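Everything on this sheet refers to the single structure shown next.
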Amino acid sequence: MKSNYKRIGDCIRLVDERNVNLNVTTLLGLSITKEFIPSVANTIGTDFKNYKIIRKKQFACSTMQVRRDKKMPVALLQDYDEAIISAAYPVFEVVDTEMILPEYLMMWFSRSEFDREACFYAIGGVRGSIEWEDFCNMQLPVPSIDEQKEIINKHKILLDRIKVNNLFIQKLEETVQTIYKQWFIDFEFPNQLGNPYKSSGGKMKFNPILNTEIPKGWEVKSFTDVVKVGGGGTPDTTIDTYWNGGIPFFTPGDVSESYYCLETEKSVSKLGLRNSSTKLYPKNTVFVTARGTVGAIALAGTEMTMNQSCYALMGDNQYYIHQLTIATIRSLKKQASGAVFNALIVKDFAEQNVVHPPKDIENSFQNIVRGLYNAIYLKVELNKLLSSTVKLLLSKLATTRGKNIEIL
């Protein structure tokens, strides 16, 4: 063992405090992304006396199915003073905070290299689980407390910047959706004098298909008459030369919380593109997932291909198409309330009637929101760079050189 390396088991101890008096009511779950999340489990009739209490700066983990998930879920409780979790999760804490800080230990658990090592040990476990003894025998470098604090501070700065950017992205997205609603749902787009159309006495006409009034000169069309729907495909996975060629390959798993998808888990080669039914779609193509997580939407942040579990939606004005798609998917989900919404087919889109404006109105909307979409894209791109710096910082923990990484 290197001189500054220690066993995880020498740094932590198990804690088993039960909620016998039912004093703690906040119930949390543990996610695959190494976070505590509010539990969505059905707890009717559940006896919480046997649930474990976890307190601030304590950890919980799952040792089950690590090999299958290729991750070992571990999380540090920081946002609550106390909570309860399932008795199936081991709870532990740092033995000596003068030796190792909980935040530093959590950074180590966040490394992809840690997950790979955990997967290695899980090979011999029951159902791909990792034994507690093997977990405790894993090692990590433990620099001085001052070095740990410096590394933790850099990590926090990066995460805070990402969080601030995400809040800004959310506000920009909300602004775009507000403009879309004003124009195409409330019909308060600017008239020739720049005043809100409907409330300024703009002429309306009754549409029998929608059983409501729409602006004069507007039409009701099938979604597929307004939007071109394209498909995808998957190159032969047994031919290595078809893959890892740098062309992004979008699948439902690549959907993110923000509008744009800038990178994908998998990529294909030019050879794979030529020898399969997948197509290369331009930046700002709207992708909609048709299977798995049905109805998730993403904008291509660069040229991308996609698999057969998605649709590519295109038109003359992609920002308008994007917002129209969001509204249409929302309507489809509302119609499916109480029914199983487990797949999307082209017929589902074709059966959706949408109010379609004249081309000059559509063009004006595109021009007005272009700056907002560009700002969203730039913030997502910046977060991608910041996330890469976080990964670099975590990877350098093994050499304790994380303190030498410059913050952007």
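Only the coordinates and a few stated rules stand behind these numbers; no lab work does. For clarity, every value in this text was computed on a predicted model and none was experimentally measured. With ideal geometry, Cβ positions are generated from the backbone for all residues, glycine too; neighbour counts draw on all protein chains shown.
Return the equivalent ellipsoid semi-axes of the stretch 1-120 as a descending list in whole Å, where each equals the square root of 5 times an eigenvalue of the C-alpha gyration tensor. Could the numbers behind the result be given before it?
On the way: eigenvalues 135, 61, 26 Å².
So the equivalent ellipsoid measures 26, 17, 11 Å along its semi-axes.
Placing a pseudo-label 7 Å from each Cα along the Cα-to-Cβ vector at Glu257 and Val15 gives an inter-label distance of 2.6 nm.
Mind checking the full-extension length gain between Arg7 and Ile345? Use 0.36 nm per residue of separation minus the Cα-Cα distance, one decimal, nm. Can you show the working numbers first?
Numbers: separation 338, 0.36 × 338 = 121.68 nm, distance 5.30 nm.
Contour length minus the Cα-Cα distance gives 116.4 nm.
Suppose R0 equals 30 Å. What FRET efficiency, 1/(1 + (r/R0)^6) with r the Cβ-Cβ distance, do Asp240 and Asp160 give to the nearest 0.05? Show your work: numbers first, answer last.
On the way: r = 41 Å, r/R0 = 1.38.
Efficiency for this residue pair is about 0.15.
Relative to the first principal axis of the alpha-carbon coordinates of the chain, what is the inclination of helix 145-184, with its axis defined by its Cα atoms, in degrees from 0 to 90 and to the nearest 10? Around 20 degrees separate the two axes. Its relative contact order, with pairs defined as Cα atoms under 8 Å and 6+ residues apart, puts the chain at 15 percent. With contacts taken as Cα pairs under 8 Å and at least 6 residues apart, the stretch 190-303 reaches a relative contact order of 21 percent. Based on C-alpha pairs under 8 angstrom that are at least 6 apart in sequence, the stretch 5-142 has a relative contact order of 34 percent.
Quick check: convex hull of the Cα atoms in the chain, volume per residue, rounded to a whole Å³?
Values: hull volume 80.3 nm³, N = 408.
Convex hull of Cα atoms, per residue: 197 Å³.
In this label model, Thr178 and Leu271 are separated by 5.3 nm, measuring between points 7 Å along each Cα→Cβ vector.
Tell me, what is the FRET efficiency for Ser388 and Thr212 to the nearest 0.05, using R0 = 56 angstrom and their Cβ-Cβ distance as r? Don't jump to the answer; show the numbers that get you there.
Details: r = 49 Å, r/R0 = 0.87.
It comes to 0.70.
Compared with the alpha-carbon gap, the fully stretched path from Thr399 to Leu193 is longer by 67.6 nm at 0.36 nm per residue. Within the listed set Asn307, Asn317, Asn19, the residue fluctuating most in the Gaussian network model of the chain (springs between alpha-carbon atoms under 10 angstrom) is Asn19.
I need the GluC sites (Glu not before Pro) found in the stretch 113-158, filtered to DSSP loop residues with at most 16 other beta carbons within 10 Å of theirs. Display every interim value, and only then the final one.
On the way: sites: Glu113, Glu117, Glu131, Glu133, Glu147, Glu150; in loops: Glu131.
Passing both the DSSP loop test and the Cβ count: Glu131.
For the chain, the mean residue ellipticity at 222 nm estimated from helices alone is -11000 deg cm²/dmol, where every DSSP H run of n ≥ 4 contributes -39500 (n - 2.57) and the total is divided by all residues, rounded to the nearest 500.
Sorting the Cα pairs of the stretch 256-300 by distance into bins of 5 Å, from 0 upward, gives 5, 18, 22, 28, 19, 7, 1 percent per bin.
The label point for Met314 and the one for Arg370, both projected 7 Å from the Cα toward the Cβ, are 2.0 nm apart. Stretching Lys57 away from Ala41 to a fully extended chain increases their span by 3.3 nm, per 0.36 nm per residue minus the current alpha-carbon distance. Remark on Ile12: its backbone amide H falls under 5 Å from those of Val95, a criterion applied only to residues 5 or more positions apart or on other chains, H modelled at 1.01 Å from N.
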